[in-house]
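Only the coordinates and a few stated rules stand behind these numbers; no lab work does. Since the structure is predicted, the reported quantities are computational estimates derived from the model, not experimental observations. Note that we place each Cβ from the backbone using ideal geometry, even for glycine, and neighbour counts take in every protein chain shown.
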Amino acid sequence: MLLNGKKIVVMGVANKKSIAWGCAKALLEQGAEVIYTYQNDRLKKQIEKLVETSSDLIECDVSNDQSIDKAFQFIGEKYQKIDGVVHAIAYANKEELSGNISDVSRAGFSLAHDISSYSLLAVTKYAKPLLNDPGSIVSLTYFGSERVIPNYNVMGIAKASLEAAIRYLASEMASHGVRVNGISAGAIKTLAVTGVKDYNELIKMSEDRTPDKKGVTLEEIGNTCAFLLSDMASGIVGDIIYVDKGVHLS
Ligand SMILES: NC(=O)c1ccc[n+]([C@@H]2O[C@H](COP(=O)([O-])OP(=O)(O)OC[C@H]3O[C@@H](n4cnc5c(N)ncnc54)[C@H](O)[C@@H]3O)[C@@H](O)[C@H]2O)c1
């Protein structure tokens, strides 16, 4: 029970295939109390099917500062303090996840970076007054930040930005006793991935490149997330941990 007594905000559960749901399950198994945020009413209905009826579900659209502010104010009033945040949020328009990267629109580039990278900074800003010392923030990234993955395009650039944001935030938040880290997860078929053209190829490539030819599971990603949120990971600061079954080796 690595997380006994800890209250963790999990952002990004869209359905049972979401990485955020894999994380939430692992956190619950390790004794944490999980507070969920959702993007909009359509997604709230999806989370309601998964979680205990007593769980708190709080609207938080990260494209809107007021929404983030309101969500964390509510969390502060109800829980006073929290011990961690899981940020498992990304978005790019489907038309930006195919073709030539040089054709990406200014608006599409901006949107991908706003939702997939800036949102971690904004969430940290509003979560900061609530976070206990020690505290921990974990975000989700992908290898497409470092290598060219066909069609991942603007999201790869946004993930590189997110990883830099993790390092800068880790440096700032250290004085508050809060560690910030990222998990670079192997490809898993989720709603977000289906936006990438020929996403089946991307997932197949990820599975074929693992030394044991088996793709990573939600449980494996969730378990690492639980560890990073726990005090056992106190020495890990501003790092990006691969949880991809070794895809990054080749
Ligand atoms: N699936 C993979 O192969 C893979 C691999 C590595 C990293 N990741 C990352 O994991 C994270 C979670 O994605 P996933 O694959 O579980 O897909 P998912 O579709 O299940 O989750 C994406 C979440 O982002 C949320 N979101 C999008 N725009 C938002 C907004 N404006 N406000 C609030 N929430 C918003 C969605 O509601 C959804 O819950 C993402 O950062 C993704 O890039 C995924």
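Some notes on this structure:
- In percent, rounded to a whole number, the relative contact order of the chain is 22, using alpha-carbon pairs under 8 Å and six or more apart.
- Cβ-to-Cβ counts within 10 Å put Thr37, Thr53 in ascending order as Thr53, Thr37, the fewest first.
- Cα-Cα over 26 Å, subset of Lys25/Lys81; Lys7/Lys128; Lys49/Lys204; Lys70/Lys189: Lys49/Lys204; Lys70/Lys189
- Annotation: amide H-H contacts under 5 Å for Asp244 (H modelled 1.01 Å from N, sequence separation of 5 or more, or interchain): Gly186.
- At 1.567 mPa s and 4 °C, Stokes D of the chain from Kirkwood alpha-carbon radius, µm² per second: 72
- Against the chain, whose longest principal axis is taken from its Cα atoms, helix 19-29 shows a tilt of about 40°.
- The P(r) of the range 1-47 has a tail past 12 Å containing 57 percent of all C-alpha pairs.
- For the chain, cysteines whose Cβ has no other cysteine Cβ within reach (under 4.7 Å): Cys60
- Comparing Ile35, Ile203, Ile137 in a Gaussian network model of the chain where C-alpha atoms under 10 Å apart are linked, the largest mean-square fluctuation is found at Ile203.
- Footprinting exposure proxy for Ser110, Ser136 (fewest neighbouring C-beta atoms within 10 Å first): Ser110, Ser136
- Compared with the dominant Cα axis of the chain, that is its longest principal axis, helix 65-79 is turned about 40°.
- For the range 54-113, applying the loop criterion from DSSP together with a ceiling of 10 other beta carbons within 10 Å to the trypsin sites (Lys or Arg not before Pro) yields no site.
- Phi angles across the range 91-98 convert, under the Karplus curve 6.51 cos²θ - 1.76 cosθ + 1.60 with θ = phi - 60°, into 3J(HN,Hα) values of 7, 8, 5, 3, 5, 8, 10, 6 Hz, Gly and Pro given as x.
- DSSP-assigned coil residues among GluC sites (Glu not before Pro) in the range 62-122, each with at most 10 further Cβ atoms within 10 Å: none
- Distance between modelled label sites at Ser98 and Lys49, nm, 7 Å Cα→Cβ extension: 2.6
- Basic side chains Lys and Arg get +1 at the Cβ, acidic Asp and Glu get -1 at the Cβ, and with that the dipole of the range 7-245 about its Cα centre reaches some 300 debye.
- Annotation for the range 136-180: GluC sites (Glu not before Pro) lying in DSSP loop with at most 16 further Cβ atoms inside 10 Å of their Cβ are Glu146.
- The spacing between the range 154-191 and the range 9-39, judged by their C-alpha centroids, is 17 Å.
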